[in-house]
Amino acid sequence: MDEKYMKQALALAQHAIGRTSPNPMVGAVIVRDGRVVGEGWHRQAGTPHAEINALQQAGDLANNATIYVTLEPCSHHGRTGPCVEALIAAGIKKVIIAMTDPNPLVAGRGISRLREAGIEVIEGVLANEAAKLNEVFIKWISTKKPFVLLKSAMSLDGKIATYTGHSKWVTGSEARAYGHQLRDTYDAILVGIGTVLADNPSLTTRLTYQGKNPIRVIIDSNARTPIDSNVVTDGLARTIIAVTREAPQEKLDGLLACGVEVIVCKENAKGVDLSYLFKVLGEQQITSILIEGGATINASILEDNLVDKVHWFIAPKIIGGADAPGPIGGKGIADVNDAKLFEDIHMESIGEDILISAYVRNREGRDVYRTCGRIR
């Protein structure tokens, strides 16, 4: 029964996917005498937490009831009050928690406060599922660096375009719609200047329902982004352009005058130091980044060990051509034993295409996931 109600709480939490950053997604279910009397989920940062919404629905029925919550209730004052005090005041007799909160401001303090108040606390019910739900939050709150998803699409023979550069479309409409769903859930989307110059994309979310546009991050060492490009002029989303100190000042002034943000980054042999950039973005509470770059950006992100997860679409078609580009550029590796390895691999059909989802092995933060219960 505990797992049944916790699954219900996890399903509630997912209603807010892509809407709670930089907070986690949390769901709560209140049960009394074998009957659900209150439900709630955290809808958006700065709004009441899941426990508060569930308590409001339950009213007086919360007294002497059990609450199932996907994350340890908070014990500190932030933009909202501490949930543990509300649970104590409501007369909750038992709290069943999926996972402890990795936030240093909480990290067991909520559980301790509940037990001090004489409330029974049970931990670890569906901990793996809860940690998977909040993998973005866990990475960011533990390292202050964003969770990074690399998305790419290729043909059966590993091509992302023809030898002429034509690429619309390698995958089918269902896979492209899935990509827009990802944009809706991630804080930011990142591409290189090559993509901006070749395609003049908007990098917005286009769905049948009202989606959220991600922050647009352009890697552009020399500030070549045209001031009449869509990412500069359309006003549909915040745009950040990452440059190096080599960028001409007049170019920077022109971009700034158009209302975009410019981050002058440390540089390395490849241009913008992406590790430095991601640190800055994390400090700005950008908790997740979707990479939709070309072969050059994809190679840099992987070579710098910045990727946490990949979504790789494979289309059932063969393009051919020795000069047709693949999804990963750069020099590559000399020894196949040095190849990037993946784990937790999942495959599914998206329309006529195959989607492979996997996590990069030995990434920073994996020990944190284990602690939270995500990996046994």
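Computed values, structure above
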{"read-out": "Rounded percent of accessible protein surface that carbon and sulfur make up, the chain, 1.4 Å probe", "value": "49 percent"}
{"read-out": "Sparse-neighbour loop sites [trypsin sites (Lys or Arg not before Pro); segment 124-193; at most 15 other C-beta within 10 Å; DSSP]", "value": "Lys144, Lys168"}
{"read-out": "Overall dimensions of segment 229-346 as given by Cα atoms, namely Rg and Dmax in Å", "value": "17.2, 49"}
{"read-out": "Computed [θ] at 222 nm, deg cm²/dmol, the chain (DSSP H ≥ 4; -39,500 (n - 2.57); rounded to nearest 500)", "value": "-8500 deg cm²/dmol"}
{"read-out": "Label-point separation, Asp234 to Thr208 (7 Å along Cα→Cβ), nm", "value": "2.1 nm"}
{"read-out": "Calculated FRET value between Ala198 and Glu267, using beta carbons and R₀ = 25 Å, to 0.05", "value": "0.60"}
{"read-out": "Area of Asp199 that stays accessible when all protein chains are in place (1.4 Å probe, Å², to 10)", "value": "90 Å²"}
{"read-out": "Chymotrypsin sites (Phe, Trp or Tyr not before Pro) within segment 297-343, DSSP loop, no more than 14 other Cβ atoms inside 10 Å", "value": "none"}
{"read-out": "Two-site FRET efficiency, Asp323 against Asn128, from Cβ-Cβ distance with R₀ of 45 Å, rounded to 0.05", "value": "0.50"}
{"read-out": "19 Å Cα-Cα reach of Lys270 towards lysines, excluding residues that sit fewer than 8 places from it in its own chain", "value": "Lys279, Lys331"}
{"read-out": "Hull volume in cubic angstrom per residue (convex hull over the Cα atoms of segment 5-134)", "value": "86 Å³"}
{"read-out": "Leu156-Gln57 FRET efficiency (beta carbon distance; Förster radius 45 Å; 0.05 resolution)", "value": "0.30"}
{"read-out": "Lysines with Cα under 19 Å of Lys132, excluding same-chain neighbours fewer than 8 positions away", "value": "Lys4, Lys7, Lys144, Lys145, Lys151, Lys309"}
{"read-out": "Ala45-Lys4 pseudo-label distance in nm [points 7 Å out on the Cα-to-Cβ vector]", "value": "3.8 nm"}
{"read-out": "Full-stretch length increase - Gln285, Ala177 - with 0.36 nm per residue and alpha-carbon distance subtracted", "value": "36.2 nm"}
{"read-out": "Residue of Val280, Val336, Val29 that the Gaussian network model of the chain assigns the largest fluctuation, springs spanning Cα pairs under 10 Å", "value": "Val336"}
{"read-out": "Loop-located trypsin sites (Lys or Arg not before Pro) in segment 240-299 whose Cβ has at most 14 other Cβ within 10 Å (DSSP)", "value": "Arg245, Lys266"}
{"read-out": "Straight-distance crosslink candidates among aspartates and glutamates, where the alpha carbon sits under 16 Å from Lys94 and sequence neighbours closer than 8 are dropped", "value": "Asp2, Glu3, Asp33, Glu39, Glu51, Asp60, Glu72, Glu85, Glu116, Glu120, Glu123"}
{"read-out": "Where GluC sites (Glu not before Pro) in DSSP loops with at most 15 other Cβ within 10 Å are excluded, longest remaining stretch of the chain", "value": "1-245"}
{"read-out": "Dipole magnitude (debye, nearest 20) for segment 228-376, charges at Cβ of Lys, Arg, Asp, Glu", "value": "500 debye"}
{"read-out": "Scattering curve values for segment 131-210, log₁₀ I(q)/I(0), Debye with Cα scatterers, q = 0.20 Å⁻¹", "value": "-1.11"}
{"read-out": "Pairwise Cα inverse-distance average, inverted: Kirkwood Rh of segment 66-219 (Å)", "value": "19.1 Å"}
{"read-out": "Convex hull volume of the chain per residue (C-alpha atoms, cubic angstrom)", "value": "150 Å³"}
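The values are calculated or read from the model by the stated rules, or taken from the named source; none is laboratory data. Note that the structure is a prediction, hence the values are computed from the model and not measured. Glycine gets a Cβ as well: all are built from the backbone with ideal geometry, and neighbour counts include every protein chain shown. Ligands, DNA and RNA are stripped out before the accessible areas are found, and what is left, the full protein with its side chains, is counted by its heavy atoms. Shrake-Rupley method; radii C 1.70, N 1.55, O 1.52, S 1.80 Å.
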